[in-house]
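Working notes, structure below.
What follows is calculated from the coordinates using simple rules that are stated; it is not laboratory data. Just so you know, these numbers come straight off a predicted model, no measurement behind them. Heads up, the Cβs are rebuilt from the backbone with ideal geometry, glycines too, and the neighbour counts pull from every protein chain shown.
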Amino acid sequence: MQALGRHLLLELWGCNPNINDPEAVRRALIESVEAVGAKLINVNVHAFSPYGVTGLALLAESHMSLHSWPEHGYLAADLFTCGTSARPREAVSVLQGIFEPERIEVQEIRRGVRPMFSQPINSEAPLASEARVGPESLKKKQPIVEQQDLPLTS
């Protein structure tokens, strides 16, 4: 099944002082959104005292957020896009250009992919492989299942 969305999680270490500049964070959000081909609805940036900046871009396709810890030279970013037209990995080069990290880690999670097999939390509930699937089963309450974390590649 094709994913309903893609979610990038970015860890930027050894960043320059721009991570503590609200205007640089705003520019990074706007340029990243343009680079990925998404539609920007709104941007909000907040500077904390004594340091740190959080920025959020609301997109027609979902969102992008940036959170900085200048005292650690660290910036956390996430970019969630739905549909198939956006190119979320294009944001990486924009962030690299503005914040000049010494190290960057990228994880991509495919969102909205229905698991084929899951183990129920409640041992009395049927396994997902035993449960009925299809439009009729969506109308009935299904057991909550744990999702197994799989290794992500960059």
Checklist line | Among Ala38, Gly52, Leu8 - extreme Cα towards positive end, dipole of segment 5-111, charges at beta-carbon | finding: Ala38
Notebook entry, point to check: Sorting Met64, Met116 on the 10 Å Cβ count, fewest up front, what's the list?
Noted result: Met116, Met64
Next item on the list: With +1 on each Lys and Arg Cβ and -1 on each Asp and Glu Cβ, and nothing else charged, work out how big the dipole of segment 1-127 is about its Cα centre, in Debye to the nearest 20.
Entry: 480
Next item on the list: Give a residue-ordered list of calculated ³J(HN,Hα) values for segment 11-16 (Karplus: 6.51 cos²θ - 1.76 cosθ + 1.60, θ = phi - 60°; whole Hz; x for Gly, Pro).
Entry: 10, 10, 10, x, 7, 6
Note to self: Per residue, how big is the convex hull of segment 5-111 when only Cα atoms are used? Give it in Å³.
What the structure shows: 75
Check: What are the trypsin sites (Lys or Arg not before Pro) within segment 1-92 that DSSP puts in a loop, where the Cβ has at most 16 other Cβ atoms within 10 Å?
Finding: Lys39, Arg89
Check: Any idea what % of Cα-Cα pairs in segment 52-96 are farther than 18 Å?
Finding: 31
